[in-house]
Amino acid sequence: MPPADGHAPFSDAPQVRGGHPEQHEPGGGWGTGPQQTYGGPQTAGQPYHGATPGSTPYAQPYGAPGRPDQDAARERAVARQVYAQQAAQRAADGRTGRQPAAVGPEVMPGPRREFVDAFDADAPAPAEAPDTRSGAEAAGPPVEPDDALDSEPAERREPKGGKGRTFTGIAAAAVTTVLAVVVAGQVAEDSADRGAAAARASGADRGGGEGASRSDARPTPERPATRAPEVKPLSYGEKMAQPFTLAADLKATGKFEAVPGLAKAPGRGQKYRYRIDVEKGLSLDAGLFAEAVQKTLNDDRSWAHNGAMTFERISSGGPDFVITLASPGTTGEWCAKSGLDTTIDNVSCDSASTDRVMINAYRWAQGSATFGPKKLLPYRQMLINHEVGHRLGYNHVSCRTPGALAPVMQQQTKSLDIDGIKCKPNPWVYPGS
């Protein structure tokens, strides 16, 4: 039975026109323009899409007021026949249910079946009508709309009621909008992540103001420890060429300490055994001083020339003499014991009345003006050779030839110009060797 208002639902009527339900027809209002009637002329270039020959054409939509039940049944039969013809045509053309034939304007796929069913759940069921088809028509298997695939276009499925079509369009638009928003958000988020990663890779987050600075929560990677450049130890010659800091009026403790160790005499001449004492409280390298004495005395240009003598350093036992490195104040005291005054020029001495050869620590550290700051090594060699020479029995000798090398026993710390004869500084007993 049709509803009380006389309008039958559109669930059994085939959708003949192409396009979506919300498509606007010519004339401005939905469905107000010219409508193609079943059984009318076939549009050029389109497959037959109307009623079978001999069927009653009509211009009113299904469910128009005042239609008898017979006409509604006849129309449903015509719709089933049209749908069967369309299925046969698709099979003949090799099409599938997912590839609709092009009829009229370009066909767009409709909403998925689950969306349509969701909104048509409350729609009234269509009234059942008797089947008035002929024997040939009834012999064919009926094709119901539910048998179509989920991807079947809206134009190929039998239409639901007007309310279902409206809700279906709204649902499809809503789902499409939601999906578009979600996809756009994901694309924006991915783009932002890629932009941030590129900025970090290029070092952009390390520049700029406070907002672009590195996060405090992120640990700053530690840089690998930089190995300090290896400092090459100074050679003996380099050490002997360096000045040391020491005051000219320094008076240290007056107590001495022997440098430990043994340095064998290298030669076969007359052997002299000596010990080295260093006054406590001096900020000088005692080891360097002991090394310098041993090397200087046993040099062939020194008193050991041609194997005449050889010198051996000891730290215990009875030495022949003691070479002592002392502060200026202590040196003056020990030199005064032998009647020598070293305080005037701050010089060294051989304290003959004692067993000590006194080397003034100030002169050892600073040198003298006669040699200059660039000749500290030869000055120190001269200082050792000169004072030990006194212990060996040699007295002072002055230069006699202008421009010649001064004798090692000349007082070169005081002057290189004696009686108008100016000589050159010289540290060796036999400088030409």
**OP:** Please work out how much length the chain gains when fully extended from Arg227 to Lys251, using 0.36 nm per residue of separation minus the C-alpha to C-alpha distance, in nm with one decimal.
**Re:** 4.4 nm
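From Cα pairs below 8 angstrom and at least 6 apart in sequence, can you work out the relative contact order of segment 316-357, rounded to a whole percent?
42
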**OP:** Specify whether the C-alpha gyration tensor of segment 287-393 places it in the rounded, prolate or oblate class, a ≥ b ≥ c being the square roots of the eigenvalues: rounded for a/c under 1.5, otherwise prolate if a/b is larger than b/c and oblate if not.
**Re:** oblate
Subject >> Ile344/Gln270 FRET efficiency (R0 41 Å; Cβ-Cβ; nearest 0.05) >> reply: 0.70
Subject >> Sequence of Tyr274, Tyr236 when ordered by accessible area, the most exposed leading, probe 1.4 angstrom >> reply: Tyr236, Tyr274
Subject >> Distant-in-sequence amide H partners of Lys271 (H built 1.01 Å from N, under 5 Å) >> reply: Thr310
Subject >> Note, ³J(HN,Hα) from phi for segment 391-397, Karplus 6.51, -1.76, 1.60, rounded to Hz, x at Gly and Pro >> reply: 5, 7, x, 9, 9, 5, 9
Original post:
Near the amide H of Gln411, under 5 Å away, which other amide H atoms are found, from residues 5 or more places off or on another chain, if H is placed in the peptide plane?
Top reply: Val397
Original post:
Amide H of Lys422: which non-local residues (sequence gap of 5 or more, or other chain) have their own amide H closer than 5 Å, using H built in the peptide plane?
Top reply: Gly403
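The values are calculated or read from the model by the stated rules, or taken from the named source; none is laboratory data. These numbers come from a predicted model, not from an experiment. Using ideal geometry, Cβ is built from the backbone for each residue, glycine included, and neighbour counts are taken over all protein chains shown. What goes into the accessible areas is simple: the full protein's heavy atoms, side chains included, and nothing from ligands, DNA or RNA. Shrake-Rupley method; radii C 1.70, N 1.55, O 1.52, S 1.80 Å.
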